[in-house]
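Note sheet for the following structure.
The values are calculated or read from the model by the stated rules, or taken from the named source; none is laboratory data. For clarity, every value in this text was computed on a predicted model and none was experimentally measured. Glycine gets a Cβ as well: all are built from the backbone with ideal geometry, and neighbour counts include every protein chain shown.
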């Protein structure tokens, strides 16, 4: 009886692909055009969108399963370009040292499902030890666990003692060096090659210090330009994009000069840096929400006093930099740094982006069409159109008048499979 019950539970917990599926709702946002379509109809088959129209112009195919979402608004599945799904996000500072690899892996499964249920059908995971993000990506792709489509970096690559690449919490007695720590262009190239060998989709480096690393300064430069050029050249040669963590203005400009594809955080921006990013086609991925959680819950979670201070100092500067970038028409892709704050709250940043200068449709685009372009997946993700992945979410209300409705997603379809329908 127990075996039979387990089998029934496994079947019930696995989203079934119905072919074809006919999805209707009250409204649909088309991010590419910025238009709101009334009474949309979408036909999905074998994980892809095969037809888009209205109920009047596109009838249900014979034998189709109908998913009528009533008064809801549908839009493409959302994309978060900066996540950290591996591990327990409440273990800050020295508390994180005690987390085992096994525990981190278990938490990653929980975090992935929360992210998917929040409407984020695709994420880019930038920085994870032991290639745990590769394992999670592959388990999701194989249907073993539910979660978003993942593009992953493996261990971040950077200087010895730097943010994102080394173990700065431990004293010299342990003689430990981070997986991604390297010195000089050739060592940096070797780290890129190693990450690609073990399954990375994107390369992550750091061209400045950071908030949550001990002993680093967010505005201080890390990596020489030659080291960053080596990272970029090796990655681009193999067809991978490069993301650079960069808070400080000088480090941002160095990373752009080296040829990176996205700048993460981009806290200290001036007009020259924004213009450089625009001229080079570099996307800025700015996490302007998470300080709210860090300042209220960080100390309880064990976040270092040093990190709390750095976060408080940089928060409003970063938000004003975001305002400048939005005003100047920079390419802005949605990224939250989830893992700094609870997974599943990814949608809370939309309202802050609008507060600091974006229009609601621009905010939606940042997590759909713009993010897909930054990934290099603009021909398969970020839109509801024929040939694209059948990633569809639904919310109550109209995100173009109240973008905060994206914080509560009631319906989630990824690759044509329905994972949530409230």
Open item on the list: Scan the stretch 405-416 and tell me whether some residue there is touching a helix residue (DSSP H, G or I) at 6+ places or on another chain (Cβ under 6 Å), within 19 Å of residue 362 (Cβ to Cβ) and not assigned by TED's automatic domain parsing to the domain that holds residue 362.
Closed with: yes
Open item on the list: Yes or no: the stretch 91-104 includes at least one residue that is under 29 Å from residue 363 (Cβ atoms) and modelled with pLDDT of 95 or more.
Closed with: no
Task: Any chance residue 118 is touching a residue at least 60 places away in the same chain (Cβ under 8 Å) and either more than 28 Å from residue 238 (Cα to Cα) or touching a helix residue (DSSP H, G or I) at 6+ places or on another chain (Cβ under 9 Å) (or both) - done: yes
- [ ] Taking the options 351, 394, name whichever one is buried (at least 24 other Cβ atoms within 10 Å of the Cβ) and either farther than 23 Å from residue 151 by Cβ or at pLDDT below 95 (or both).
- [x] 394
Task: Lone unmet requirement of (1) part of a loop (DSSP other than H, G, I, E, B); (2) over 28 Å from residue 145 (Cβ atoms); (3) modelled with pLDDT of 95 or more for residue 62 - done: (3)
TODO: For residue 166, state whether it is surrounded by 20 or more Cβ atoms within 10 Å (Cβ to Cβ), modelled with pLDDT under 95 and touching a strand residue (DSSP E or B) at 6+ places or on another chain (Cβ under 8 Å).
DONE: yes
Task: Looking only at the stretch 233-262, and only at residues there that are within 14 Å of residue 200 (Cα to Cα) and surrounded by 24 or more Cβ atoms within 10 Å (Cβ to Cβ), the one that is farthest from the chain's Cα centre (by Cα) - done: 235
Task: Count of the stretch 131-174 residues which are outside any loop (DSSP other than H, G, I, E, B) and either within 24 Å of residue 193 (Cα to Cα) or outside the structural domain of residue 97 (by TED's automatic domain parsing) (or both) - done: 17
TODO: Considering (1) under 22 Å from residue 339 (Cα atoms); (2) at pLDDT 90 or above, say which one residue 197 fails and leave the rest.
DONE: (1)
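Here is a yes/no grid of residues against (1) touching a helix residue (DSSP H, G or I) at 6+ places or on another chain (Cβ under 8 Å); (2) more than 27 Å from residue 407 (Cβ to Cβ); (3) at pLDDT below 95:
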residue: 258; (1), (2), (3): yes, yes, no
residue: 261; (1), (2), (3): yes, yes, no
residue: 264; (1), (2), (3): no, no, no
residue: 278; (1), (2), (3): no, yes, no
residue: 282; (1), (2), (3): yes, yes, no
residue: 300; (1), (2), (3): no, no, yes
residue: 303; (1), (2), (3): yes, no, yes
residue: 331; (1), (2), (3): yes, no, no
Open item on the list: Within the stretch 136-148, take every residue that is touching a helix residue (DSSP H, G or I) at 6+ places or on another chain (Cβ under 7 Å) and more than 16 Å from residue 88 (Cβ to Cβ) and give me the one that is surrounded by the fewest Cβ atoms within 10 Å (Cβ to Cβ).
Closed with: 145
TODO: Taking residue 269 as meeting all but one of (1) in a loop (DSSP other than H, G, I, E, B); (2) within 17 Å of the chain's Cα centre (by Cα); (3) more than 16 Å from residue 343 (Cα to Cα), write down the number of the exception.
DONE: (2)
